[in-house]
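Undergrad: One structure, as structure tokens, below. Some questions next.
The numbers here are math on the coordinates, done by the rules we state, and not lab data. Computed from a predicted structure; not experimentally measured. Glycine also receives a Cβ, built like all others from the backbone with ideal geometry; neighbour counts cover every protein chain displayed.
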Amino acid sequence: MSKITRRDAIKLVAGAVVVAAPFTAAAAPDGFLEGTFYVRCKNGHDDKVEDITRNHDCKTCGEKSVDGGTAIVVCPDGHGGPENRVEGVTRQHQCQTRLPNGGICGKQCRR
Ligand SMILES: [Zn+2]
Ligand SMILES: [Zn+2]
């Protein structure tokens, strides 16, 4: 009977994890919006999304406005430029739009 030592067993398990990891990453994109946000498509249309949103197509023109968690969110003042692009997991976002007085808007985009 062959004898597998504890150290060999750990090596076998570690090898299996390394092989399996790329498949897991490809099957489950980890980006999403959590909560209620307005998202803007590249043609300037705003849609409201709620709860967990990984992907969303614009209701007006069909452009993807949320793609694997990447989106442009719109603040309560209607700012939705490229500076408000979010990626990965987004639970809140402060508007990054620059104001004429030199500051930034800073309003919470989650509604
Ligand atoms: Zn659109
Ligand atoms: Zn703003």
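Undergrad: Mind sorting Phe32, Phe37 by how few other Cβ atoms lie within 10 Å of their own Cβ, fewest first?
TA: Final ranking by Cβ density, sparse to dense: Phe32, Phe37.
Undergrad: Going by C-beta contacts inside 10 Å, put Ile52, Ile104, Ile72 in order with the fewest on the left.
TA: Ile52, Ile104, Ile72
Undergrad: From the phi angles alone, apply the Karplus equation (6.51, -1.76, 1.60; θ = phi - 60°) to the stretch 54-62 and give each ³J(HN,Hα) in whole Hz, x where the residue is Gly or Pro.
TA: With coefficients 6.51, -1.76 and 1.60, one gets 9, 9, 8, 9, 3, 6, 8, 10, x Hz.
Undergrad: If you don't mind, another one. Counting just the Cα atoms, what span does the stretch 32-90 cover along each of its three principal axes? Round to the nearest Å and put the largest first.
TA: On the principal axes, the stretch 32-90 reaches 23, 23, 17 Å in Cα extent.
Undergrad: Same structure, new question: May I ask you to compute the full-extension gain from Gln108 to Glu50, defined as 0.36 nm times their residue separation minus their alpha-carbon distance, rounded to one decimal in nm?
TA: 19.3 nm
Undergrad: Work through the residues other than Asn101 whose Cβ is under 15 Å from its Cβ and net out their charges, Lys, Arg +1 and Asp, Glu -1.
TA: +1
Undergrad: Also, I was wondering about something else. Sort Arg111, Arg40 by Cβ crowding within 10 Å, fewest neighbours at the top.
TA: Ascending number of Cβ neighbours within 10 Å: Arg111, Arg40.
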